[in-house]
Amino acid sequence: MKKQGCEIEALGITYKIYSHNNGNPLSFFKKKNDDTEKNDHQTSSSSSDGMRTVLSQVNCRARPWEILAIVGPSGAGKSTLLEILAGKITPQSGSVLINNNAIEKANFNKISGFVTQKDMLFPLLTVEETLMFSAKLRLKLPPSELCSRVKSLMQELGLDHVAKTRVGNDGVRGVSGGERRRVSIGVDVIHDPKVLILDEPTSGLDSTSALQIIDMLKNMAETRGRTIILSIHQPGFRIVKQFNSILLLANATVLHHGTVDRLGFKLRHLGLELPPHCNVIEFAIDYLETIQQQQQEEEENSVSSLQQVARARRKTLQQLFQQSKVMDEESAYIRIEVETHSFSNSRLREIMILSQRFSKLVFRTKELFACRTLQMLVSGLVLGSIFYDLKHDLEGAFERVGLFAFILTFLLSCTTEALPIFLQEKEILMKETSSGSYRVSSYTIATAIVYLPFLLILAILFTVPVYWLVGLRQDFEAFSHFLLLIWLILYTANSVVVCFSALVPNFIVGNSVISGVMGSYFLFSGYFISKKDIPRYWIGMHYISLFKYPYEGFLINEFSGSKECLQSMFGVCVMSGEDVLKEEGLGEENRWMNVLITICFILLYRFISYVILRCKCSKRSFKGAFL
């Protein structure tokens, strides 16, 4: 009787990387891969052409209802092989077949799940919220069925008792490490995949938690017919018993592929006796050099065996696997029909779900919401007390201009505290979009929408005390326009942070880049040096400065149409607010043009962030062989 499931075959997988990366001067903008991938590359063989072989002619097979464990020392290529099987990276040669058929990566994402070694979860969401948002994004089901699916999954994962507990991380108290790992697995099995690939799911866990994870995976394989492939480093004796087959990697090649018992027989055949109280995998890893040396000696002792190996290599890998299938009739599986790749939700639905999730994160992040709110209110009161009730003369006008310049500097340069949140979001975004959960454009629009009301609240808290304590133009229309400018300034700064967070790999680089860009923009705003005095070869910086247009907007809002005399001589007014604007080349006609240009800058930076994220997500899903 034929079984329904997914059999994964890797045929002749070879993967190489550059042994150094000194040629790219912008390499610091590229985030380094996980430590596991870095370790994969450390002990791989190098060649004279500057390439390093991570995997060489690797063949393996994983069957439904079974667990295939990929084992080996650090640097053997375990994580790289998993990423190739999951379709995250593409090898130079070889192929991955599903039930003896090629399948598009986008379609494979619909029937598979990939759990990374690092838990990429939002620490401020509860366990139930995390799984519910994942279900909403990946499943097209009514709300009642979504709730039922999530509750059923939490029971299967043993998480129902911590459903209302936050996930947490190193800085936020939440569930335990083992429970957090089960949440990561739950996020990737919420859509009931046929194939589940896990990169060291027991890493960092104690022996009891590690065994619970493997037992849970074993139960998934046996009850749901899943094909489970995982990598593991030095598994315990009880864990080894749960594996149906293992793939032993060393120096980019396969030393053994089969059951644990067959590995023990192979070791005894080589004259290596397994000591008591030691599992066979640990023993094999400890004696890798001996195994390889004895295998080489056996090959060198017989010319005929070398000829047989040569003839076997001349056979196609496809023929070898076909012959093995003839010998085992139970290895025939029904072909899995996969629908053409499409997203589970419409773009509007995705935006609504992501906006809801991001809103929870913003309001639960004390550093971003509570501290930022308090900062804006206190700053408004302090500035208002310092510039309290400015006089309406020439000296007061100069003090107002200085106040406007400081407000711009303060608001545009104090928004980098949101940078770590965007960097964390970016990692999860790349993982979720690579699995086809939602569109990158939906994420970009959702983050833009969520911050609008939040930044409006901050603008009001800052504007009210500053405007009325300083004694700026006593007109509600002027106050409303001032509030609008403050709101746009905050939103512009937020857009800049979003843009550069998509580009840079970490907070240190991001903070340095943003500070440098903001400093240059302020220099060419027109406050320190007027437009007419800026050298011609630098004039372009004046027009792309984010400070220029809000700064001019403040001046127009305060002095346009003002009848007050700032300086008089012999009873004749020689300087008015209109004269201040004329000296700067400004007029009432520039009021809304500056607003429009500022909005265009906001849209531009949001669009640039979308393009960067789209390129990075596409590269993560379909990046080529050379890194």
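The values are calculated or read from the model by the stated rules, or taken from the named source; none is laboratory data. Computed from a predicted model, the values in this text were never measured in an experiment. Using ideal geometry, Cβ is built from the backbone for each residue, glycine included, and neighbour counts are taken over all protein chains shown.
Here are some notes:
- Of the helices (runs of 4 or more DSSP H) entirely within region 230-297, those holding at least 2 residues that are touching a residue at least 24 places away in the same chain (Cβ under 8 Å) and surrounded by fewer than 16 Cβ atoms within 10 Å (Cβ to Cβ) occupy 237-240.
- When every residue of region 126-141 is checked against the conditions, at least one turns out to be of a type outside the set (Gly, Ala, Ser), without any contact (Cβ under 8 Å) to a residue 12 or more places away in the chain and out of contact with any strand residue (DSSP E or B) (no Cβ under 8 Å at 6 or more places or on another chain).
- Meets criteria (assigned by TED's automatic domain parsing to the domain that holds Phe283, of a type in the set (Lys, Arg) and either in a helix (DSSP H, G or I) or touching a Leu at 6+ places or on another chain (Cβ under 7 Å) (or both)) for Lys218: no
- Residue in region 482-490 that is assigned by TED's automatic domain parsing to the domain that holds Tyr610 and without any contact (Cβ under 8 Å) to a residue 60 or more places away in the chain present: yes
- Filtered residues of region 364-379 (kept if in contact (Cβ under 8 Å) with a residue 60 or more places away in the chain and farther than 21 Å from Pro465 by Cα): Arg364, Thr365
- Where Leu82 falls short, out of the listed (1) under 30 Å from Leu361 (Cα atoms); (2) within 20 Å of the chain's Cα centre (by Cα): (1)
- Among the numbered conditions (1) of a type outside the set (Val, Ile, Thr); (2) assigned to a loop (DSSP other than H, G, I, E, B); (3) at pLDDT 90 or above, the only one that Asp192 does not meet is (3).
- Given (1) at pLDDT below 90; (2) under 28 Å from the mean Cα position of the chain (by Cα), number of the condition Ser525 does not satisfy: (2)
- Selection status of Leu272, assigned by TED's automatic domain parsing to the domain that holds Ser56 and at pLDDT 75 or above: no
- Being surrounded by fewer than 17 Cβ atoms within 10 Å (Cβ to Cβ), over 30 Å from Leu85 (Cα atoms) and out of contact with any Gly (no Cβ under 9 Å at 6 or more places or on another chain) is a condition met by at least one residue of region 417-434.
- Conditions (1) out of contact with any helix residue (DSSP H, G or I) (no Cβ under 7 Å at 6 or more places or on another chain); (2) at pLDDT 90 or above; (3) of a type outside the set (Phe, Trp, Tyr): number failed by Ser495: (1)
- Among the residues making up region 120-156, those that are surrounded by fewer than 17 Cβ atoms within 10 Å (Cβ to Cβ) and either within 17 Å of Arg180 (Cβ to Cβ) or of a type in the set (Asp, Glu) (or both) are Met120, Glu145.
- Residue satisfying all of: in region 403-431; charged (D, E, K, R) and more than 17 Å from Ser512 (Cα to Cα); nearest to the chain's Cα centre (by Cα) among these: Glu427
- Scanning region 426-444 turns up no residue that is part of a helix (DSSP H, G or I), among the hydrophobic types (A, V, I, L, M, F, W, C) and touching an Asp or Glu at 6+ places or on another chain (Cβ under 8 Å).
- Set Asn107, Asn100: member being under 20 Å from Gly225 (Cα atoms) and modelled with pLDDT under 85: Asn107
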